[in-house]
Amino acid sequence: MSRHHTGRICLLALIALARTATAQELRSPLMDRGNSVIQENAASLMPTLRGRHLYADQGVRVGRVREVRVGQDGTTLLAIVARRRLLGGGEIGIPVSTLSQVGPVLTMRGTRDTIRAIPPL
């Protein structure tokens with residue numbers, strides 16, 4: 001390969017890299033630190049919530065918690081629950097802030113109809 005040809009390839013690669021760099025959103029150290037804290041919170045809740053059954057009003061078993069992750073807004077922690085087929089099936093995201101523990105039981109507010117109405121992820 002000639003030097004001229006190699007130089008062109010490097011130039012094209014640099015131009016492509018510069019275009020992708022300008023297309024990225026601006027980030028600040030404060031935003032990165034906040035995202036890091038939220039990710040750590042999600043990770044710290046995993047051992048506590050993963051595998052537990054979630055119940056709603058009147059003892060309705062919603063399903064089992066699969067994982068905890070950060071929601072699309074970047075500020076909400078979601079318990080990802082494998083919803084029972086009787087309630088529509090699929091995985092749904094329940095904000096962790098709406099969960100509570102009554103004795104050893106993990107609970108949320110809701111009826112069969114409200115749980116069926118939650119769209120799957």
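The values are calculated or read from the model by the stated rules, or taken from the named source; none is laboratory data. From a predicted model like this one, the values you see are computed outputs, not experimental measurements. Virtual Cβ from ideal backbone geometry, glycine too; neighbours counted across all protein chains shown. Protein only, heavy atoms only, side chains kept; ligands, DNA and RNA dropped before computing areas. Shrake-Rupley method; radii C 1.70, N 1.55, O 1.52, S 1.80 Å.
What distance in nm lies between label points placed 7 Å from Cα along the C-beta direction at Asp57 and Ser36?
So the two model labels end up 4.3 nm from each other.
Tell me the per residue accessible area of segment 42-107 using a 1.4 Å probe; a whole number in Å² is fine.
54 Å²
Measuring from label point to label point, each 7 Å out along Cα→Cβ, what is the Ser97 to Glu67 span in nm?
2.3 nm
Once label points are set 7 Å from the Cα along Cα→Cβ at both Arg84 and Ser44, what is their separation, rounded to one decimal in nm?
Taking the two extended label points, one gets 3.3 nm.
Which FRET efficiency value, to the nearest 0.05, do you get for Thr76 and Val105 by plugging their Cβ-Cβ distance into 1/(1 + (r/R0)^6) with R0 = 35 Å?
Efficiency, rounded to the nearest 0.05: 0.90.
Applying the Karplus parametrisation 6.51 cos²θ - 1.76 cosθ + 1.60 with θ = phi - 60° to the phi angles of segment 105-121, what ³J(HN,Hα) value in whole Hz is obtained for each residue in order, glycine and proline being reported as x?
9, 8, 10, 9, 7, x, 9, 4, 5, 5, 6, 4, 6, 6, x, x, 6
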